[in-house]
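Just below is one structure, and these are the notes that go with it.
Since every read-out is calculated from the coordinates, none of them should be taken as a lab result. Quantities reported herein were computed from a predicted structural model and do not represent experimental measurements. Every residue, glycine among them, receives a Cβ derived from its backbone with ideal geometry; neighbour counts consider all protein chains shown.
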């Protein structure tokens, strides 16, 4: 969905969409639910979409208001019998009829909708990933108050879909790690019109979001670029341009230690860092895995490289990316940035 | 696409709140006249205040004030009724509490509670009234409450009132066949399950268990129905249409009542002669034990629970008539009642307060001296009423300390109770056992349904005197003064100025009278088939369909419900099925498909337009250029948002050029 598209009609109640409900149920119930989910999994294939909601895949149970309504009707029936009151019988039976029809209406409000995915925008690890889902109503009757939510989460939003129209809804999930984040199973549900029944179906669309590594905090500036021929550049430190930090090694000049950075670190785990400088070079900037201090973990390197990609992109420079088995030739622009970040995400 | 609505979830919007208040007003309004004045006022004030608060954004009441109001309402109901349960007090309590709930109402959850409460308030209304119009009220209220329930379940913004009302109305209409089915087939059980509160059923109406001057005249203003009668075959002439009610033996100088009948509880001997009239009577509830019957009911085949009492009045052995009651009877107008009068009864039937009405007593004693027989005295008294200027009127002048003296010798203007009372006093003073009988006289024929309606306005009082060999003989002194009263009904016997409109003979013709008859007929059918649909009528009705007992009822109910619901389900599935795309480019393309199919080149299901065009081009090289052009244009117009009129015309032209 492009940023200029109108927002869908949706609404967020209760909890934040990404927070899963804690399961306080007894172990027996939890085990039963697990088995239920296994069974659901056999009935819910992972499909690329569009996925028409077939009536045999729509499940329906009474809500607590539905049970309350049943209790109300039972009370009214007893009253009608006790008073032999025909009009009380009539109202009770009318409401019973409405309740039974509401079951069909709730079911029919969901059946034959079609669920499809749209392109998923990448996100950085730790940020929410938004999976845009299209709900298509091909019938000549509008559908009301359709909810989309991850399995085991409360319904956070409702959307109306006019006759022969569609609506877009975003399912949000917090990304934790870089790489592909597949969309998990979600429910399409409704309690419309009367809230007495909860009808739902499970959908598992074969879509995934690309999660870029979480960028390192800004600060360390980009090292001077290396040569396109793969020549190492990080091992030629000079006094001219700050290119980054590496761990302190015996023999390093005292003046090259990053004293300010050291002061910012917690005293127990303080590791002195050495500032590295390189000569400025004309042309493309190379962001190289190997310029980073050898003691750094791969993830830390990826985080730093991600930061540098973002910085270089923000400064509008031409830059290339060099990873142990992957090279992105220098370039610039949105597509190049994505290519570099994707390489980092999938490293 | 719909506009964006980011509402706070739990709060009600003002629109929905106002809709709720309107529905509450509809549901609470019929209860107001039955509430004590303070409670009705409180409910009305809360409704108005809450509406104003919603419109003006006033703050709601603080919690302690709501608690105080609730406690106060409880105390008030207890003070007004002496209890908080039972039909009237219980419903009053629910009504006030529903109104009080409005003061704290603010969230969607409250709305659900209010909707359920509204359904319940609606059903309590029928404890008090089940007339025909309440069916329309039921439909309207059920629709609007259901519309509110739909509102409560549409969190993402308020739907237009028309949309929810149409939706709810559609649900109610579709639920009607289900309702009818369950109504007919749900097995009814007789009687109350846990007993009725003492105040259940209709209010007391009609004749009372005593008679003072002016009391019956009050009933004449009421066109309420006392009972309806359907005769099997012959209908008694007007002069024999006396519907016997309570009999009064004791006179205190002014009013009559039953008095004590110690030792006189057995039904008197009655000798019935001639052919009887057989009829079915549908009695409206009176909250009395009296079952009215044409003079004089036969003792055989009495309705269930009914007995004949010492006055030969048909009454319930136990309890009161709280619901409409239908019974069959046979009556014989030619009878001899209690030919042997027990001495204690003779004493009671001739007792008079010594000091009261001295002039009447003196006159009667003089008649006694002059007369040769009791019958002659009776005739003498009737002649007096006939010959002296007595006047039959609904609004007699006030009477003083001795009402019988005042009536007989001064005002001479009175209603039936004056004539019956003074005649009985004269007879007793002359030593003839006499008593006052109240009931109804006459009735109006409904030509639509061929039955007779007896209204409260037909209430009447007459006398019975006991003559040796004859037993109790009905004497109606009013007939001596105003024969038209008995022959043609009260409307003919009174001056027009005194008559309520519904009795005015001048207004008893034409379409209004006809409409009234039709309306009553409809009500009678309603009473019979809907309100009277209990265990007996149900088994009688269902037997026609071969359904004999409750298991078969359940089976038929389940089967038919399943069929109906499956039908609705199928309808809904069909409604929800996506429509085939039917826009102008698709129609044009289908034309091309048909044409090529006739040429032996149908488009396969899996084939898109481009693949299809390629296949056609290779099969028919002569069409290659035109089909490629048509397909390109079709794809552009149908899929690439190039849907201007010019493009569409070009597409049609391109398709027309493909000529296999």
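Some observations on this one:
- Mean partner shielding of peptide B:578-588, defined as the number of other chain Cβ atoms within 10 Å of each residue Cβ, is 2.
- Peptide A:106-113 has a mean shielding of 4, counted as Cβ atoms of other protein chains within 10 Å of each residue's Cβ.
- Cβ-to-Cβ counts within 10 Å put A:54, A:104, B:418 in ascending order as A:54, A:104, B:418, the fewest first.
- For region B:535-576, projected area of the alpha-carbon convex hull averaged over all directions, nm²: 3.4
- Size descriptor for the protein assembly as shown, Kirkwood hydrodynamic radius: 37.5 Å (Cα pairs only, one decimal).
- Across peptide B:144-157, the mean count of Cβ atoms from other chains lying within 10 Å of each residue's own Cβ comes to 6.
- Sequence-distant contacts, meaning Cα pairs under 8 Å at least 6 residues apart, place the relative contact order of region B:144-251 at 17 percent.
- Pairwise Cα inverse-distance average, inverted: Kirkwood Rh of region B:210-507 (Å): 19.5
- Working ranking of peptides B:85-91, A:190-196 by packing, defined as the average number of other Cβ atoms within 10 Å per residue, highest first, is A:190-196, B:85-91.
- Region B:14-185 gives an Rg/Rh value of 0.98, both radii derived from C-alpha positions and Rh following Kirkwood.
- Each principal axis of the Cα cloud of region B:534-618 was taken in turn, and the coordinate range along them, longest first, works out to 80, 24, 18 Å.
- Equivalent ellipsoid dimensions for region B:584-656 as semi-axes, Å, which come from the Cα gyration tensor, largest first: 20, 12, 11
- At 1.306 mPa s and 10 °C, Stokes D of region B:299-394 from Kirkwood alpha-carbon radius, µm² per second: 88
- Largest first, the extents of the alpha carbon coordinates of region B:365-448 on the three principal axes equal 55, 29, 22 Å.
- Relative contact order %, region B:378-505, counting alpha carbon pairs below 8 Å whose residues are six or more apart: 24
- Rg ratio (alpha-carbon, reference 2.2 N^0.38 Å) - region A:50-193: 1.39
- Angle between chain B longest axis and helix B:133-152 axis [Cα atoms, degrees, rounded to 10]: 40
- Counting beta carbons within 10 Å around each of B:432, B:189 and listing the fewest first gives the order B:189, B:432.
- Average Cα contact separation per residue, chain B, under 8 Å, 6 or more apart, as relative contact order %: 11
- Counting only alpha carbon atoms, the long axis of helix B:609-619 and the longest principal axis of chain B meet at about 50°.
- As a size descriptor, the averaged projected area of the C-alpha convex hull of chain B was calculated at 45.7 nm².
- Ordering B:326, B:241 by the number of other Cβ atoms within 10 Å of each residue's own Cβ, fewest first, gives B:326, B:241.
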